[in-house]
Each structure stands twice: as C-alpha cells, then as structure tokens.
Amino acid sequence: RMFKESKRRKEEDEVGIASLIPGVAFPFFGATILACWLYRDIAGMLELGRSIMIMFFLLLTVVIIISHFNRRLNWEVIAPRQIGLRIGVLFLFMGLHILFVFLAAREGTTDDTLIVDVRRATLALALIWGFLLCNPLRITRMAFKNGGMAHNRPIFAALWMLPFCGFHAYSSDPSFFNPAVPGYASFLGTSGLLSVWGYAWYLHEDHLHISIHKRKANLPFLTSFIVSFLAIQMLYWDLRNGNENSLFYQRIWAGATLCGTMVLAFNFVRITLFSLEAWHKIPMFYGRYIQDKSLE
C-alpha cells in the first residue's frame with residue numbers, strides 16, 4: 001500500500017521511493033545476517049554477514065542525506081523521478097561488493113589477488129556513488145550561498161567524508177593487522193556515525209521547536225569526528241608502509257570517537273532529563289495539526 005501511495009504522489013514526494021527502502025530492507029538484511037550466523041562454520045559466511053551490515057549502514061546513510069536535504073530542507077537537490085535509478089545503481093555496487101567479499105573470504109588469502117582487488121574496488125565504487133547520487137555540488141552551493149543556508153552540519157560532513165572513505169577503501173592494503181576491512185572502519189567511524197547522530201539531533205531540535213536558523217553546529221562534536229577520520233587515515237597509511245604496531249593512531253581514533261559520542265550524549269541527557277522546558281508535552285507537528293483542524 002505504501003509503495004502504491006509513493007507511486008501515486010510522484011513529484012509531490014521529495015524523497016520518492018527511497019523513503020520505503022529502510023523499512024523494506026530491514027527484514028531482508030536481518031534475516032540474511034541471522035542466516036550467516038547460523039551457518040558460520042561455512043567459510044566466508046561471517047564475512048558475508050559483516051559486509052551486508054556495512055552495506056545496509058551505507059544505504060541508511062545515503063537515505064538520511066537525501067531525506068535531510070531533499071525533504072526536510074526542500075532544497076530540490078534530486079528530482080524524485082531520478083532517485084529510483086540512482087539508488088538502483090547503488091544497489092548494484094553494494095551487491096557486487098557483498099559477492100566479492102564472500103568470494104575473497106572463501107579464497108582465504110590476504111594477498112593482492114584479483115578477487116581481493118575487485119572487493120576493494122566495489123566498496124570504493126559504492127561509497128563514491130553514494131556520494132555522487134546525492135548531488136554534492138548543488139548541496140555545497142546551497143550550503144554556502146549568500147552566507148550559507150541553514151542545514152545540519154554533521155550530515156553535510158557525513159556526505160563529504162564518503163569520497164575520502166571510498167579512496168581509502170581502494171588504496172589501503174588488506175593485512176592481518178588491519179582492524180577491519182579497509183574502508184569499513186573509516187566509513188563507520190566518520191560518515192556513518194555523523195549521519196545517524198546528526199539526523200537524531202536535528203529531529204530532537206525539531207521537537208524543541210527551535211528555528212533552523214538558530215541551531216548551533218556543535219563544533220566539539222564535529223571536531224572529534226574529524227580528528228577520528230584523520231587518525232584512521234594515518235593508521236592505515238602506517239600499516240601500508242609496514243608499521244604493524246601503530247597503537248598511537250588507534251588510541252587517537254578511539255579517544256576522539258569516544259569524546260564525540262560523550263559530547264552528544266551529554267547534550268541529550270542535559271536537554272531531556274534536566275531541562276525545565278515542557279517541549280516533550282507538545283507534539284512535534286502540533287502547530288500544523290491545529291492549523292489543519294481550524295480549516296475544517
């Protein structure tokens with residue numbers, strides 16, 4: 001029924017069919033990951049489940065970015081009729097990466113074989129295409145035009161970290177000492193977390209009825225994740241150059257991520273538990289609800 005409604009609305013829906021993807025994908029990805037765990041004794045199944053989780057997180061990140069700029073801010077960065085095709089190409093790259101992760105795990109080597117190279121390339125293509133399909137140039141132009149239009153800076157930062165994660169995914173060598181498949185760590189530690197935390201915080205400020213023009217950027221939070229991103233890059237650079245005991249950058253990475261999370265968690269707790277404001281008693285779209293009732 002929701003699919004038919006989305007098709008009926010067509011140009012009225014700023015996100016198009018992409019708004020249905022997370023809900024449709026949840027049961028599929030969940031069942032697949034559960035199956036991978038149940039059959040974990042088969043070579044490659046754990047790697048397959050992990051790659052599926054990462055690709056789902058990438059899909060969620062892209063949908064959050066599109067939803068924020070296209071629907072919440074109504075910047076018209078992508079025509080709704082184009083979203084289906086662009087998401088389809090993303091699914092293609094994601095599917096290819098999942099396939100070659102499984103094949104590389106079955107191969108059981110850390111050498112630069114063709115399958116391992118294709119695995120890295122498909123991850124890079126998925127990350128870079130996720131960046132390109134969001135129309136980043138128009139988003140950037142709107143974000144900085146005439147002093148900058150109001151937007152969520154963590155989500156904007158999440159968008160622009162995607163191509164760096166893609167480059168990092170392709171250029172990093174796999175090895176036994178890498179803490180994760182090259183590209184996974186940089187994506188999850190930066191773009192993935194920024195998009196989810198940024199979206200949650202922006203939604204909470206909607207509940208507080210704070211004007212989008214008066215919202216703060218939360219620079220300590222952003223700085224923490226930028227430091228985390230740089231630490232990840234330096235960590236893999238050291239690993240690529242043969243330094244297999246690079247604990248210094250790992251500690252910076254973990255510490256910066258922890259600091260960023262604590263900053264945001266502190267703000268959430270301060271506003272939700274220790275605030276004297278009655279924001280939680282007012283429905284999020286109360287004004288629109290009253291307006292609609294008054295027109296009846």
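We did not get these values from a lab; they are worked out from the coordinates using the rules stated. The model shown is predicted, which means the values in this text are computed figures rather than measured ones. Virtual Cβ from ideal backbone geometry, glycine too; neighbours counted across all protein chains shown.
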Can you tell me the length gained on complete extension of the stretch ALA79 to THR272, counting 0.36 nm per residue apart and subtracting the Cα distance? 65.8 nm
Per-residue Cβ neighbour rank within 10 angstrom, fewest leading, PHE225, PHE131, PHE187, PHE266: PHE266, PHE131, PHE225, PHE187
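At 0.36 nm per residue, and after removing the present C-alpha to C-alpha distance, how many nm does the segment from ASP112 to SER171 gain when stretched out fully? The partial results should precede the final answer.
Working: separation 59, 0.36 × 59 = 21.24 nm, distance 1.18 nm.
This chain segment gains 20.1 nm when fully extended.
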From the phi of every residue in the range 261-270, what ³J(HN,Hα) in whole Hz does the Karplus formula 6.51 cos²θ - 1.76 cosθ + 1.60 yield, where θ is phi - 60° and glycine or proline is x? 5, 5, 4, 5, 5, 4, 5, 4, 5, 4
With 10 angstrom as the radius, rank TRP253, TRP237 by how many other C-beta atoms surround their C-beta, starting from the fewest. TRP237, TRP253
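Working out 0.36 nm times the residue gap between ILE210 and ALA150, then minus their Cα-Cα distance, what length gain in nm do you get to one decimal? If you can, show how the numbers build up before the last one.
Details: separation 60, 0.36 × 60 = 21.60 nm, distance 1.22 nm.
Working it through step by step, the gained length comes to 20.4 nm.
Rank these for me by crowding, CYS259, CYS36, CYS165, going from fewest to most other beta carbons within 10 Å. Write down the numbers at each step before the final one.
Working: CYS259 17, CYS36 21, CYS165 31.
Ordered from fewest to most neighbouring Cβ atoms within 10 Å, CYS259, CYS36, CYS165 come out as CYS259, CYS36, CYS165.
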Label-point separation in nm, MET234 to ARG138, each point 7 Å along Cα→Cβ: 3.9
